[in-house]
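Below is one structure, written out as structure tokens; comments come after it.
The values are calculated or read from the model by the stated rules, or taken from the named source; none is laboratory data. A quick note: this is a predicted structure, and the numbers were derived from the prediction, not measured. Cβ: placed from backbone, ideal geometry, glycine included. Neighbour counts: every protein chain shown. Heads up: the accessible areas ignore ligands, DNA and RNA and are worked out on the full protein's heavy atoms, side chains in. Shrake-Rupley method; radii C 1.70, N 1.55, O 1.52, S 1.80 Å.
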Amino acid sequence: MNYDEYNTIGSDEAGVGDYFGPMTVCAAYVPKDKIALLKELGVKDSKNLSNNTVIKIAGDLIHTVTYSLVVLDNPSYNKKIDEGWNIVKLKAVLHDHCIRNVHDKLDEDERGNIEKIVIDQFTTLNAYNKYVPDPFMIEKIHQETKAESKSLAVAAASIIARAKYLEQMANLDKTLKDKVPRGASKQVDAFAARLAKKHGMDYVDSLTKKHFKTREKVQALLK
């Protein structure tokens, strides 16, 4: 299906696979008559864009499309995990929240013109329904793998979410006066262990996703 031929809400997230930093989720409404403009702005799969380009395009997008963005900081993220939520439930609830918010920001005519809702697939539709008992406009939802490359609405949402994640990480770099490594790797383990040795594990927990196996590796390094 060519989603760019429809008035579409796209939804995606960033920061999920990173030990440090928040999880960001964004939904964006892209009517078909704005597709050409988004292409002109350089919107495409953010995996093919540099961080600087993502930040630049996001700066244009936030004045071009209707969007909703949620930043789930680490204390809030860890609290939900401690309460028994899993990552699929977190994503499902936040995607649904952002999609609803975008809908609410649109005027009455635009709301009636929404044709498709595309979510970058992270689970089955049954599981999505399980975690969001009353999903918004379920009949219009399409979950797609590699959705960024199939829908400019998803690509736009992904760029805004990633730009916000990068902003948050830049702020963390300034706070720690160091370059915080991204993702989850031996480099991340070593960095977190040095931080924990200096400030304690509780401090590291406040900046990270505690349920990652990285935490066990950090504790092992401390020993």
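Report whether or not Ser149 is on the phi < 0 side of the Ramachandran plot, surrounded by fewer than 18 Cβ atoms within 10 Å (Cβ to Cβ) and touching a Lys or Arg at 6+ places or on another chain (Cβ under 9 Å). So that I can check it myself, show each step before the final result.
Numbers: on the phi < 0 side of the Ramachandran plot: yes; surrounded by fewer than 18 Cβ atoms within 10 Å (Cβ to Cβ): yes; touching a Lys or Arg at 6+ places or on another chain (Cβ under 9 Å): yes.
Spelling it out, Ser149 is indeed on the phi < 0 side of the Ramachandran plot, surrounded by fewer than 18 Cβ atoms within 10 Å (Cβ to Cβ) and touching a Lys or Arg at 6+ places or on another chain (Cβ under 9 Å).
Which one is most open to solvent (accessible area, probe 1.4 Å) among residues in segment 188-223 that are under 19 Å from Pro22 (Cα atoms) and among the polar types (S, T, N, Q)?
Ser206
State all residues of segment 99-136 that are open to solvent by less than 70 Å² (accessible area, probe 1.4 Å), of a type outside the set (A, V, I, L, M) and in contact with a helix residue (DSSP H, G or I) (Cβ under 8 Å, 6 or more places away or on another chain); if no residue qualifies, say none.
First, pick out the residues of segment 99-136 that are open to solvent by less than 70 Å² (accessible area, probe 1.4 Å): 99, 101-103, 106, 110, 112, 114-120, 122-123, 127-129, 131-132, 135-136.
Now drop any that are not of a type outside the set (A, V, I, L, M), which leaves 101, 103, 110, 112, 115-116, 120, 122-123, 128-129, 131, 135-136.
Within segment 99-136, His103, Glu115, Lys116, Asp120, Phe122, Thr123, Tyr128, Asn129, Tyr131, Pro135, Phe136 meet the criteria.
Quick one: in segment 154-187, which of the residues that are closer than 16 Å to Asp205 by Cα and among the β-branched types (Val, Ile, Thr) is most open to solvent (accessible area, probe 1.4 Å)?
Thr175
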